[in-house]
Each structure stands twice: as C-alpha cells, then as structure tokens.
Amino acid sequence: MQRKQSLFINLILGLGLILLVSLGVLAGVSILYVKEAVTDQLMAEADRFGDTVKLGTRYAMMDNVRGDIMKIIENIARRKDVERLRIFHKDGRIRFSSTPEEIDRFVNIRDYACRVCHRHNPPPKSLPIRERVRFFSTPDGQRHLGIISPIYNEAGCSSASCHAHSAATTVLGILDIVVSMDQVDREVGSLERTYGLVAALIFLVTALLVARYLFRFVTRPVQKMIEGTQMIASGQPFDPGVVHRDDEMGRLARAIGSMGTEILRQREELLEANRELQHANRELEDRSHRDPLTGLFNRRYLVKVFSRELERARRYGHPLSVLMLDVDHFKQVNDRYGHLCGDAVLQGLADVLGKSVRATDVIARYGGEEVVVLLLETALEKAVAIAEKIRLAIAAHHICCEEARISVTVSIGVAAGPTRETVHCTDLLDAADQAMYQAKAGGRNRVVPAGMAADVSAGEK
C-alpha cells in the first residue's frame, strides 16, 4: 500500500532543511570571520609585543650588557602567554633565549623561523606580518603562534667602538617570540558554542513560527478544500466561505465551490435524464409487451410469464389455471357494424376482464378475438367459478359504437396444472383451447373445463 504523504510535513522538512543549512552557513562564515579577526589581532599584538621587547633591550644591546639583556628576556618570558623568546644572530646562532640550554646553539638558517627569510636568495630586508607568522601545535595538542621580528642595524651600532657592525649590514639578527593560543582557542570555542546555541534557538523559534504560519495559511485551507472535494464527490455542496482568505487559497476555494456547484447541477440533470430514460425504457418495455389495440399483454409476453410461473408452480406444488376466451360470432359483428366497432368490442372485452380478475393475474390477447387469462395460485374448481363470473359480466356488458349498442358473449375453456402431462405452457394452452372449442360446439356462451364432456353452465346460444 502506498504510504500517505503530508504536504505540511514535506514543507516543514524542506523549509527546515533550508533554514538549518542557511543558519549553519551563516554561523560558519561568522565564526571564520571572527577567527580571522582574532588571529589578526593576536598577530598584531604579538608584533607590537616584539617591538616592545626590542625597545626594552635596545640600550642594553647598545651597551653590550648581556646580563641585562638576559634579565629582561627572563622577566618578559614570565608572562603567562609567552612560551619562548629568543634572539638569533644573523649566522644562525642563538644569542639570547628564555631557555638557557639552547644559548649559543646553532640552528640551520633554513629551519625554524629562519626559513621564512632564507627560503629566498638573497633574503629580503623586510616581510609583511603574515609571512613572519607561523602556527604550529605541540604533541599535547596545544596551538602556538610564532612571529619573527628583524633587528636592524642602527647608526649607533655601526659607529660604536665596542662592537661595531659593518654599516653595510642591514639585519643584525632576529627576535623570535612564541606565544600560546590557549586563550584565543578558548574564546573561539566559547564563541562557537554561543553561535551554535543562538543558531539552534533561532532555528527552533523560526521553525515554530513557520510551522504555525504554514498550518494556518496552507495546511488548514488545503485540508478544508480536500474535505470540500470529498463533499462534492459524495453529492453535497461545498461552501468556499470556510476558507476565509482573499489570496490564491481563497480564490482556489471559490473555484472549487463553483466547480462543485456546477458538478452538482450537472449531476442532478444527469440523474433526472437517467430517471426519464429509465421511465422511457420501462414504458418502451411495457409497450413491447402490450397489444396496441386493447392494451392487454401480447402473446410473446404471455408465453414468457406462463413458462416462468408454471416452473414455479411445479417446484413448490402450487396450483395454476388458464382461461381461453373467444368472442362468439365475432365475424358477424365485424360484418354488421364494421371493423371499427369490432375493435371497440375487443376494447370493451379487455375492460371487463381487467375488472373481473386480480391484479396479479395476467390477461393477454392471444390472437384475433381470442384472449387468455392466467390465474396464479388458482385450482380448477375456482378457475371455473371465475370463468363463469367473467362470462356473465361480458354477456351483461354493452358497447356503444356509432349509435349502436352491441352486446356479445364468449365461450371459455379452462385448464389447470401442473400435471404429469404438462411439460410446457403450450400444453395447458392447448388443453384450454380444446375446452374452448368444446364450449363452441356445445352451443357457445359456455364455460367448459378441459377433459370434461358435459357442460358446466348452459347459457343461451
């Protein structure tokens, strides 16, 4: 079964993902910017700190008082954030250091801080601050910033008699300072956590506001319109006023309401047309079963119903009888009064028969002036009584036609079943027909049951 999808959930997930990515990118860019700013500030402070160290040792260096220089370096190195402080001679020898063990040790001028300048040949006289800075981590994971600051030759150094340097020498040595970045890393870490919490808070608040907005302005109107379409599908009208909006949602609701009204109107028209068609079909079917002159059922319909009722009577052991009527001297009526009056006689005969039997009985014009009456749930004795009642009613009935009053009589044959000899309805019809001919032979205007030679009732010829 296909999993049910939710527009609200899909929108929330999509917008939430976009919002989360946007906040993440914004927080990341902000943190990177702050890191860069803090790092630049740290580099600038380290560079200014190097200038301060050089100024603090300048006069001791001019006087070549090594003890004062070492004392100054040791005092400065006591700062919490200073990890190491060294002064290199231009030949690569460490002349002063906060770590006494490495004093007078030579280092490869292409290693450590020296590589920044000595990777060029000849080394440049000055470098921008970013090229003088290096970042590295100790084995325990602590990050450090190292910065070199060149010590330039001055007029006092090149002209002094104590330890004068050549005036052609530009750079006498390098001041190398290494400071810890623990404080910076803690601040950046705190900033990252703060940004993360703020971003999460913004995300949650924005997500809740967006969810409320979507539910109010999208999900709820859509749900009401879905319910409206279901109402339309079930044949009920949809009121677009339930979506109190004047935007696209409101216009869509009104369009659905108009469509629903039109659908219901067309549906009613279709139902009415269908009812009329069914009525017309029933009338057409009924007409196909009727004799156009008398309005009685025709022979085809009689045989169809007779066969079905005979089978039912045989299955349940119920009685069934049939009457075969024929108008006596009907040819003389046509010859004397004309065929139109003959038709009127048949119509009068149909009217009398309709009043003389039950609504459940079947009256059919069998052919010419012959009429068959199918009596359901009726045994032979009762059928004979009904036939006699019909005979008397017809004999007493007068038909007015062209200022003439016409009266006729009928001969009736009666047959009942089902019997062992009754295989088909035509067997009973033949038996009733033979009995009707016996009534004719017996003088007409009589009722004769099938298989009986004697007259049941004797009337006038």
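Filtering region 309-324 to residues that are assigned to a helix (DSSP H, G or I) and either in contact with a strand residue (DSSP E or B) (Cβ under 7 Å, 6 or more places away or on another chain) or not charged (D, E, K, R) (or both) leaves 309, 310, 313, 316. Taking the conditions (1) out of contact with any His (no Cβ under 8 Å at 6 or more places or on another chain); (2) touching a residue at least 24 places away in the same chain (Cβ under 8 Å) in turn, residue 17 satisfies each one other than (2).
In the set (1) within 60 Å of the chain's Cα centre (by Cα); (2) in a loop (DSSP other than H, G, I, E, B); (3) hydrophobic (A, V, I, L, M, F, W, C), residue 408 fails one condition alone, (1). The numbered conditions (1) modelled with pLDDT under 85; (2) closer than 24 Å to residue 42 by Cβ; (3) surrounded by fewer than 18 Cβ atoms within 10 Å (Cβ to Cβ) are all true for residue 116 except (3).
If you take the residues in region 406-449 that are of a type in the set (Ser, Thr, Tyr) and within 28 Å of residue 315 (Cβ to Cβ), which one is surrounded by the most Cβ atoms within 10 Å (Cβ to Cβ)? Explain how you work it out, then say what you get.
Taking region 406-449 and keeping what is of a type in the set (Ser, Thr, Tyr), we get 407, 409, 411, 419, 422, 426, 437.
Cutting the leftovers down to within 28 Å of residue 315 (Cβ to Cβ) gives us 419, 422, 426.
On the way: 419: 14, 422: 18, 426: 13.
It comes out as 422.
Check whether at least one residue in region 7-14 is outside any helix (DSSP H, G or I), in contact (Cβ under 8 Å) with a residue 40 or more places away in the chain, surrounded by fewer than 17 Cβ atoms within 10 Å (Cβ to Cβ) and not acidic (Asp, Glu), and report yes or no. No: zero hits.
Right, residue 172: assigned by TED's automatic domain parsing to the domain that holds residue 139 and either modelled with pLDDT of 75 or more or among the aliphatic types (A, V, I, L, M) (or both) or not? In short, yes.
Among the residues of region 53-64, is any basic (Lys, Arg), assigned to a helix (DSSP H, G or I) and within 30 Å of residue 207 (Cα to Cα)? Checked region 53-64: no residue is basic (Lys, Arg), assigned to a helix (DSSP H, G or I) and within 30 Å of residue 207 (Cα to Cα). Can you find, within region 241-267, the residue that is farthest from residue 228 (Cα to Cα) among those that are within 24 Å of the chain's Cα centre (by Cα) and assigned to a loop (DSSP other than H, G, I, E, B)? Only one residue tops the list, namely 247. Only residues that are at pLDDT 85 or above and under 27 Å from the mean Cα position of the chain (by Cα) were counted across region 180-209, and they come to 2.
Each row is one residue, and each column tells you yes or no for (1) assigned to a helix (DSSP H, G or I); (2) surrounded by 11 or more Cβ atoms within 10 Å (Cβ to Cβ); (3) among the aromatic types (Phe, Trp, Tyr).
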{"residue": "269", "(1), (2), (3)": "yes, no, no"}
{"residue": "280", "(1), (2), (3)": "yes, no, no"}
{"residue": "301", "(1), (2), (3)": "yes, yes, yes"}
{"residue": "304", "(1), (2), (3)": "yes, yes, no"}
{"residue": "307", "(1), (2), (3)": "yes, yes, no"}
{"residue": "326", "(1), (2), (3)": "no, yes, no"}
{"residue": "335", "(1), (2), (3)": "yes, yes, no"}
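Being assigned to a helix (DSSP H, G or I), surrounded by fewer than 21 Cβ atoms within 10 Å (Cβ to Cβ) and more than 60 Å from the chain's Cα centre (by Cα) is a condition met by at least one residue of region 355-365.
Quick check on my filter: what residues within region 73-101 are among the β-branched types (Val, Ile, Thr) and either part of a strand (DSSP E or B) or within 15 Å of residue 173 (Cβ to Cβ) (or both)?
73, 82, 87, 94 - these are the residues of region 73-101 that are among the β-branched types (Val, Ile, Thr) and either part of a strand (DSSP E or B) or within 15 Å of residue 173 (Cβ to Cβ) (or both).
Counting only residues that are closer than 12 Å to residue 325 by Cα, assigned to a helix (DSSP H, G or I) and not basic (Lys, Arg), how many does region 368-403 have? Give the derivation first.
Restricting attention to region 368-403, the residues satisfying the condition of being closer than 12 Å to residue 325 by Cα are 368-374, 387-388, 390-391, 394.
Keeping just the survivors that are assigned to a helix (DSSP H, G or I) gives 387-388, 390-391, 394.
Those still in the list that are not basic (Lys, Arg) too: 387-388, 390, 394.
Here the count works out to 4.
The rows are residues; the columns are (1) loosely packed, with under 13 Cβ neighbours inside 10 Å; (2) in contact (Cβ under 8 Å) with a residue 24 or more places away in the chain; (3) out of contact with any strand residue (DSSP E or B) (no Cβ under 7 Å at 6 or more places or on another chain); (4) not assigned by TED's automatic domain parsing to the domain that holds residue 126.
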position: 34; (1), (2), (3), (4): no, yes, yes, no
position: 38; (1), (2), (3), (4): no, yes, yes, no
position: 43; (1), (2), (3), (4): no, yes, no, no
position: 55; (1), (2), (3), (4): yes, no, yes, no
position: 68; (1), (2), (3), (4): no, no, yes, no
position: 78; (1), (2), (3), (4): yes, no, yes, no
position: 83; (1), (2), (3), (4): no, yes, no, no
position: 96; (1), (2), (3), (4): no, yes, no, no
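The values are calculated or read from the model by the stated rules, or taken from the named source; none is laboratory data. As the structure is a prediction and not an experimental result, all values here were calculated from the model. When we count neighbours, we look across all protein chains shown, and the Cβ atoms used for this are built from the backbone with ideal geometry, even at glycine.
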